[in-house]
Amino acid sequence: MDATRRSAKYGNKVSGDVTKNRIDAQAANMKSNFTATAGENVQVETDTKALLTGWGVSVTLHASYLSYAREIMGITHRHTGVIAENEACLACKKWGDALRGLTMYYLQVIALDVFNIDVSACT
């Protein structure tokens, strides 16, 4: 398919009426899914913030640690067992000292205390 045809197809797909109809058709399901996960999100954020506050971590770093916690939560939704642990290890390394500057110990404790995933062996 050439670029002109692809562009036209994309233009039709993002038309206001088409988009509105798609969202209207899925709105009830979208709201239900959001409601189901909102409570878990709040609990993960509350538990993570409690740890950070207890450690005296600067408030300016809270957003990064919360992003890490949300990433681990997403991993636990998609994977279990060894795969979840391996993915959590990769996330810990990504957010840790060398790459994004977060303290590895804190990342390890968040994974263990909030999600019951031990990433200490993989760092």
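Just a few scattered comments:
- Looking at the chain, the accessible area is 66 square angstrom per residue; that uses a 1.4 Å probe and ignores ligands, DNA and RNA.
- Between 0 and 90°, nearest 10: helix 59-78 axis offset from the chain longest Cα axis: 70 degrees
- Sequence-distant contacts, meaning Cα pairs under 8 Å at least 6 residues apart, place the relative contact order of the range 42-108 at 26 percent.
- Unpartnered cysteines - no second Cys beta carbon under 4.7 Å - across the chain: CYS92
- Calculated Rg and Dmax of the Cα atoms in Å (choose from (1) 14.2, 44; (2) 19.6, 58; (3) 38.1, 111), label: (2)
- Carbon and sulfur %, accessible surface of the chain computed with the full protein complex present, 1.4 Å: 54 percent
- The relative contact order of the chain comes to 19 percent, based on Cα pairs under 8 Å that sit 6 or more residues apart.
- In terms of packing, defined here as the mean over residues of other Cβ atoms within 10 angstrom, the peptides 39-52, 10-23 line up highest first as 39-52, 10-23.
- Lysine pairs in the chain whose alpha-carbon atoms fall under 24 angstrom of each other, counting only those eight or more residues apart or on distinct chains, come to 5.
- Rounded to 10°, Cα long-axis angle of helix 81-95 versus longest principal axis of the chain: 80 degrees
The values are calculated or read from the model by the stated rules, or taken from the named source; none is laboratory data. What you are looking at is a predicted structure, and each value in this text was computed from that prediction instead of being measured. When we count neighbours, we look across all protein chains shown, and the Cβ atoms used for this are built from the backbone with ideal geometry, even at glycine. Surface accessibility is based on the protein's heavy atoms, side chains included, excluding ligands, DNA and RNA. Shrake-Rupley method; radii C 1.70, N 1.55, O 1.52, S 1.80 Å.
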